[in-house]
Each structure stands twice: as C-alpha cells, then as structure tokens.
Amino acid sequence: MRPVMTEDDLARATRRIAHEIVERNHGLEDVLILGIPTRGKPFADRIAVALSEIEGRTIVAGSLDIGMYRDDLDTRPRTRIGPTEIPEPLDGKVVILADDVLFTGRTIRAALDALADIGRPAAVQLAVVVDRGHRQLPIRADYVGKNIPTAATEHVAVRFSEIDDEDGVWMMNGGDS
Amino acid sequence: MRHFLTTEGMDRTELEDLLDEADAFSEVLTRPIPKVPALRGKTVATMFFEPSTRTRMSFEKAAKALSADTMSFSPSTSSLSKGESLKDTALTVRAMGVDLMVVRHKETGAPWRLAEWLDIPIVNGGDGAHQHPTQALLDCLTIRQRFGSLDGLEIAIVGDIRHSRVARSDIFAMATLGASVTLVGPRTLLPIDPEAWPVTVSHDLDAVLDRLDVVYLLRVQTERGGGSVFPSLPEYTERYGMTDRRFARLKPDAIVLHPGPMNRGVEISHDVADHERALILQQVTNGVAARMAVLFQLLGGDHDA
C-alpha cells in the first residue's frame, strides 16, 4: 500500500477545486453539488465547506445514489443502496457531481441516468479526487484532484475521516487489497 | 437472502438493511418519474391462489417501479379450476421465463414448497394464518420513519391474533428490532401458546393503553359476525375497539396502524381512522417501497458474491 496523497494534499486539492468551480461558473448562483455515495458524499461536503468559505454563506451538498442505475447488477457484488437527497430542485441548475475515483466511467453514466429521472439540469459537471484512467465510456472530469496513471489490476483507495477515520489516497496492487 | 418467506429467524441486520433500502426506494417514489431501471429485463409473477387486491397491486407497482415486467395469475380463471396441481401450475409459469414469484396461498407453508420445487426466488405474499412478511416490513418502516427506531417502543397488537398472519410476521420483526410487543384480545382470539413468542399478553386494552407508542389494530373478520369467537361486534368495539375515548387517552405522540381493509366503527372509530396519527395510508405507500426493497435484494445482484 503506497500513499499518493496526504491529508494536506487532499485538503489543498479540495480548496483548489472549489475555486475552479466558482471561476468556471462565474459564482455559485445556480450551482448544486451532489456527492455519489459512499465516498463521493464526504468529498461533496468538503467542497461545499470550501465554497461556503469563499462565498461567505452556507452551501449544502446533496447526495445522489446510483445503485439502482448500474448496468452490471447481475455480474458484480452489489453495494448497498445509499440515500438520495436533493436539497433543491435541480431543473435549470448546474449540477456538480462529486465522486472519489473516476475509472471506467460507468458510475458516472449511471449518475447521469439517475439525474435525468429527477429533473433537467442546465449542465452537469464532474469533480473527482482521483482520475486513474481506463475509461470505457466517453466521460471526462471537469475538476480533478490528482491524475494517477494506474494499471488496471491496481486499486486506488480514497479515504475520508467521516467514513475511514483518516484522510488521504493510497495505491494498492491487485494482491494486497 | 435467497427467498423472503418469514420474519421469524431474521436477524436485526437483515431487517435493518431492508428498511434502509426501503427508505431509499421511498425517495424514488416521490420523484417526478418514480421509476428506476434496477430490474430491467426481469419478470415478476404474482401467484395469488387466494383473493387479494391491495397486496397484489402493491407488489405489481413495486416491480414496475423497478422496471421489471409483471405477470399475474388468478386461480378462478386458470387451469387450477381444471384440476392442475400447484406444482405443475408453478412449473408452467416458471417455464415461461419468470425470475421471481410472489405467492399467496390459503395453506400454511405453500411458499416453502414452491421454494423447494423451483429454482427462482419466492416471496411469501401471505400463507394461511402463518406469515405475511412484507406486511411486517412496511409496518416496521412506518414506525421507524415516525420514531427513528423501534428500540424500546411499546407496541400493542390488538384483535384476532390467532387467525392473523400479519400479527405473526409483525411480532418477530418488531421484537427483533427492539420493541416490546403486547398482544391484546379476548382469550378466544389469542394464540393457544403465546409463551413461544417474544411477547406479553393482555386481555384488557384499557389497562395497557397509556404506556403505548404504537397501537396496531387487526381487522375484525366481520364476515364471521362474532358467533363462536366473540359475542357481538358492539361488544368487541366496547372492549377492544380504538374509540375516540380510548384514542384521547393515548400518549400525545402515539400512532395507530391498521393493515386494512378497515371496518370503521368496529375496531377503529371513524374519527380515529382519519386522524393524522393514524398512519394507515402511509402504511400503504410504504408497502410499495418495502416490496421494492425485497424484490431488489432478491433479484438485484448478489450480496454474498
């Protein structure tokens, strides 16, 4: 297990992403942040905290579970269905999806399907802690904490203290996960 | 979980997992498009060998909200009336390409027999006076949404417990989730050996009324008209009905539940039935979410893989 981002790296990347979000959207008027459970949610919460500091008002992140939208329910061990909480109607909003690792893109494909059933955002942007490559779909991230080239057999573990008791990113070989 | 047949023997984690997912599906049902693609391509058959409208409709709505296809079977229009056996009927429907069967049958244990004969998940939609586990799930979901948890709650199940599969399912689920359950009814309507269950028993509703958080009223089978099991409907109401007077004695946050169909004026008064603390329609809504959770657990990939 090899560390690739420390607690401080993660905090700095989150703050940078928050600034990029404000810059790109010319403020936060119509922006809504939704984390994808499990670990996209604490990431979304931290972006919201950083945005609140920048804007001087409280910004709350929601969550969007995609367990009911996966296209591989038959073939992989199923994860628990998590909560979906949309803090305000997303019609006409810029929705920023937050997730921990961008890999094949299938999670994001499922999230886009889920969003379409809930409303019609003006735009959807994607923020991830780590982009590790190996996309299987034409999907890219708008905000990336760190690009990490990986082998398909490796595993990237993003940890948040809310869930894992520590902050940081680690790489593991296929063998030691 | 391979089948969903009974709440007896389920552990707390299994029940809470189902309730957590049912909460997530409750949210789905409030969306502008209350439908997710989770079970696209799967077929659910409702095999109701005993009449039922609400349970069957609830399962069909649950399956459709998960994008599964549904097929239904009614004994009156089927080959059962031509003498086909239960097993042959089920195997025939299975051979059409069904991925899960919901079974209701007047004989205790029928869903277990089907689970032996068929290679697909079976959900018990009510067998005789034995079990109706999805009802227990929706009841516990409704209680948990109101109180946050069942831990330490005082729940009374009132009425014809002896003939009630709803009561049998609720008792085990509620007790496993930490509630203390009291069965209330006349001797003739209580089970013969309640000592085998995690419950206490009372014959006097008024004596337990003011400590209850949840009053679960069972349907009086008015078609029996009293007779051998209790003297008359007015006397039943007098002793065990949720009258306005009794409702006023409940704790201010206590709730009233009923599995339906209600006999207004018998086990529940008109005004109580419409009161905001009678969560009877919320139970019905939760039934769809609870059944979605069950269907999704059985068909939506493998937890143990």
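The values are calculated or read from the model by the stated rules, or taken from the named source; none is laboratory data. No experiment lies behind these values; they were computed from the predicted model shown. For neighbour counting, all protein chains shown are included, and Cβ atoms are generated from backbone atoms with ideal geometry for every residue, glycine included.
State all residues of the range B:237-270 that are part of a helix (DSSP H, G or I) and either in contact with a Pro (Cβ under 8 Å, 6 or more places away or on another chain) or closer than 23 Å to B:ARG54 by Cβ (or both); if no residue qualifies, say none.
Of the residues in the range B:237-270, the ones part of a helix (DSSP H, G or I) are B:237-240, B:244-249, B:270.
Matches in the range B:237-270: B:ARG239, B:TYR240, B:HIS270.
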- Item | Subset of the range A:49-69 that is crowded, with 22+ Cβ neighbours inside 10 Å and away from every other protein chain (no Cβ under 14 Å) - its residue that is nearest to A:HIS26 (Cα to Cα) | A:LEU51
- Within the range A:25-38, restricting attention to residues that are part of a loop (DSSP other than H, G, I, E, B) and over 14 Å from A:ILE108 (Cα atoms), which residue is nearest to the other protein chains (Cβ to nearest Cβ)? A:ASP30
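Looking at B:ALA175, B:ALA167, can you tell me which residue is among the small types (Gly, Ala, Ser), surrounded by 20 or more Cβ atoms within 10 Å (Cβ to Cβ) and either in contact (Cβ under 8 Å) with a residue 12 or more places away in the chain or in contact with a helix residue (DSSP H, G or I) (Cβ under 7 Å, 6 or more places away or on another chain) (or both)?
Numbers: B:ALA175 fails: surrounded by 20 or more Cβ atoms within 10 Å (Cβ to Cβ).
That would be B:ALA167, the only listed residue that is among the small types (Gly, Ala, Ser), surrounded by 20 or more Cβ atoms within 10 Å (Cβ to Cβ) and either in contact (Cβ under 8 Å) with a residue 12 or more places away in the chain or in contact with a helix residue (DSSP H, G or I) (Cβ under 7 Å, 6 or more places away or on another chain) (or both).
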- Query: Taking B:VAL201 and the conditions (1) over 16 Å from the mean Cα position of the chain (by Cα); (2) surrounded by 24 or more Cβ atoms within 10 Å (Cβ to Cβ); (3) among the aliphatic types (A, V, I, L, M), which numbered condition does it fall short on, given that it satisfies the others?
  - Reply: (2)
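A quick yes/no check of all residues on (1) surrounded by 18 or more Cβ atoms within 10 Å (Cβ to Cβ); (2) closer than 15 Å to B:LEU209 by Cβ; (3) touching a Lys or Arg at 6+ places or on another chain (Cβ under 9 Å):
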position	(1), (2), (3)
B:PRO231	no, no, no
B:ARG249	no, yes, no
B:VAL256	yes, yes, yes
B:PRO261	no, no, yes
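For the subset of the range B:1-40 comprising residues that are over 30 Å from A:PRO89 (Cα atoms) and acidic (Asp, Glu), which member is farthest from the other protein chains (Cβ to nearest Cβ)?
Selected residue: B:GLU8.
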- Residues of the range A:88-134 being under 24 Å from B:MET292 (Cα atoms) and part of a loop (DSSP other than H, G, I, E, B), which ones? A:GLY119
- Select from the range B:16-30 the residues that are surrounded by 23 or more Cβ atoms within 10 Å (Cβ to Cβ) and either farther than 19 Å from B:PHE59 by Cβ or among the acidic types (Asp, Glu) (or both) and list them in ascending order. B:GLU21
- Quick check: anything in the range B:117-126 without any contact (Cβ under 8 Å) to a residue 60 or more places away in the chain and farther than 23 Å from B:LYS64 by Cβ? yes
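Looking at the range A:70-110, which of the residues that are more than 21 Å from A:ALA13 (Cβ to Cβ) and of a type in the set (Ser, Thr, Tyr) is farthest from the other protein chains (Cβ to nearest Cβ)?
Initial filter on the range A:70-110 (more than 21 Å from A:ALA13 (Cβ to Cβ)): A:70-93, A:104, A:106, A:109-110.
Filter once more, so that each one left must be of a type in the set (Ser, Thr, Tyr): A:75, A:79, A:84, A:104.
Numbers: A:THR75: 8, A:THR79: 9, A:THR84: 5, A:THR104: 17 Å.
The residue in question is A:THR104.
In the list B:LYS87, B:LYS106, B:LYS64, which residue meets the criterion of being more than 30 Å from B:SER149 (Cα to Cα), under 21 Å from the mean Cα position of the chain (by Cα) and surrounded by fewer than 22 Cβ atoms within 10 Å (Cβ to Cβ)?
Numbers: B:LYS87 fails: under 21 Å from the mean Cα position of the chain (by Cα); B:LYS64 fails: more than 30 Å from B:SER149 (Cα to Cα).
None of the other options fit; the residue is B:LYS106.
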- Task: Spot the failing condition for B:ALA305; the list is (1) within 14 Å of chain A (Cβ to nearest Cβ); (2) modelled with pLDDT of 95 or more, and only one is missed.
- Result: (2)
- Message: What's the total number of residues in the range A:27-57 that are modelled with pLDDT of 95 or more and of a type in the set (S, T, N, Q)?
- Response: 1
- Going through the range A:131-143 in order, the residues found to be crowded, with 19+ Cβ neighbours inside 10 Å and touching a residue at least 40 places away in the same chain (Cβ under 8 Å) are A:TYR143
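Return yes or no: is B:VAL201 farther than 30 Å from B:THR30 by Cα and either part of a helix (DSSP H, G or I) or in contact with a helix residue (DSSP H, G or I) (Cβ under 7 Å, 6 or more places away or on another chain) (or both)?
On the way: farther than 30 Å from B:THR30 by Cα: yes; either part of a helix (DSSP H, G or I) or in contact with a helix residue (DSSP H, G or I) (Cβ under 7 Å, 6 or more places away or on another chain) (or both): yes.
Considered against the rule, which asks whether it is farther than 30 Å from B:THR30 by Cα and either part of a helix (DSSP H, G or I) or in contact with a helix residue (DSSP H, G or I) (Cβ under 7 Å, 6 or more places away or on another chain) (or both), B:VAL201 comes out as yes.
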